[in-house]
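Asker: A single structure is presented below for examination.
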Amino acid sequence: MLLFILVPLGLVVFFAFTTGDGSFTLDNIFGVDQYTAVLVKSLWLAALSTVICLAVGYPVAYMISRTGPSRQRLMILLIMLPMWMNFLLRTYAWMTLLEKNGLINKLLRLVGLPAMDLINTPGAVVLGMVYNYLPFMILPLYSIMTKIDRKVIEAAQDLGANPFQVFIRVIIPLTVPGITTGVVMVFMPAVSTFIISRMLGGGGNLLIGDLIDLQFLGNAYNPHLGAAISLVLMVVILLCMSVMNQFDADNTEREEMLL
């Protein structure tokens, strides 16, 4: 814990509140204010990607959990299979598909439609996030859904609940822990990504992860400002996690009251 968490965190805090000669300053923290628009855009794209992952991953996880054990193992294997490939290679593959002379635009021209500007757009960044982080939403949802006793659903049906009522009043409340875990696991890497935005978004779609990378490795070398931006982003993520954990705690309390 000391080596892999506290020491790196201490270094980030030290650089964020010091100047080049080691003296204390708050200028780095106040300097983050000029990048508020970039932070807001990063939060928005990450939140949008998380919502799309939830909308896609929830029914997929539910359908997998309702199949037989052998088919469940096969489908989970197929979902995890792309994750065994290098992250950069997966993103390069989407560049090949979305570029001006890529496969998608070639198919559009083949059917007589005009080519579209797909790459170097916010939509391409969201697409890359959803593709790369969707398994992190499906797996925790699937893990929770497989633990739902079928007798609970049958009991709700015996008491007169239609399929919609079963889904809203039984399945969703029981899967809130999986939803919370999936949202956190997708949102955290999405809000701090820089490879996806750099490769699929181009220079016009700068996100907070790109900004931090530029401060440490780019021409605008300023590790103190980069550490300050990282610290602010860390606080924002912790606040979001606190909200999600509070929501999960409230749901657990309601379940205990029902029991």
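Only the coordinates and a few stated rules stand behind these numbers; no lab work does. What you see is a predicted model, and the numbers here were worked out from it, not measured in a lab. Please note: Cβ atoms are built from the backbone with ideal geometry, for glycine as well, and neighbour counts cover all protein chains shown.
Asker: So, in Å, what gap is there between the alpha-carbon centers of segment 210-245 and segment 118-132?
Answerer: Computed from Cα coordinates, the inter-centre distance equals 21 Å.
Asker: So how do 240-246, 22-28 stack up, highest first, on mean other-Cβ count within 10 Å?
Answerer: 240-246, 22-28
Asker: For V60 and R73 in one chain, what is 0.36 nm times their gap in residues minus the Cα-Cα distance, to one decimal in nm?
Answerer: Full extension from V60 to R73 adds 3.3 nm.
Asker: Right, next: Once the Cβ-Cβ distance between Q246 and V111 is put in as r, and R0 is 45 Å, what FRET efficiency do you end up with, to the nearest 0.05? Walk me through the numbers before you get to the answer.
Answerer: Values: r = 50 Å, r/R0 = 1.11.
Approximately 0.35, to the nearest 0.05.
Asker: Quick check: convex hull over the Cα atoms of the chain, volume per residue in Å³, rounded to an integer?
Answerer: Dividing the Cα hull volume of the chain by its residue count gives 187 Å³.
Asker: Angle, helix 69-80 long axis vs. longest principal axis of the chain, Cα atoms, 0 to 90°, nearest 10?
Answerer: That helix lies at roughly 20 degrees to the long axis.
Asker: Given H placed 1.01 Å from N in the peptide plane, which residues other than close sequence neighbours of T18 have an amide H under 5 Å from its amide H?
Answerer: HN-HN under 5 Å from T18: T25.
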